[in-house]
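Below is one structure, written out as structure tokens; the observations come after it.
Each value in this text was obtained by applying a stated rule to the coordinates, not by laboratory testing. Here the structure is a predicted model, which is why all the values come from computation and not from measurement. Cβ sites come from the backbone with ideal geometry, for glycine too, and all protein chains shown count toward neighbours.
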């Protein structure tokens, strides 16, 4: 396991995604025709937050996800 990466899993243990938390505070993901823009907040690490801004012809919403280490 790479200690410099955060590994995020679904509640049932399936992997969701992994990334280097200090390398990026913002990210975007194109899932045509929609776009996902994310911003990370690690100020209370190991608890952290992702803010999602999703836009496009099929989706339009904002979401807040709170994570904690297992």
Once you have the Cα-Cα distance between residue 14 and residue 45, take 0.36 nm times their residue separation minus that, and quote the gain in nm to one decimal. 8.9 nm
Taking the chain and dividing mean pair separation by its residue count, relative contact order in percent (alpha carbons under 8 Å, at least six apart): 19 percent
At 7 Å along Cα-to-Cβ for each site, give me the label-to-label distance between residue 35 and residue 69 in nm. 3.5 nm
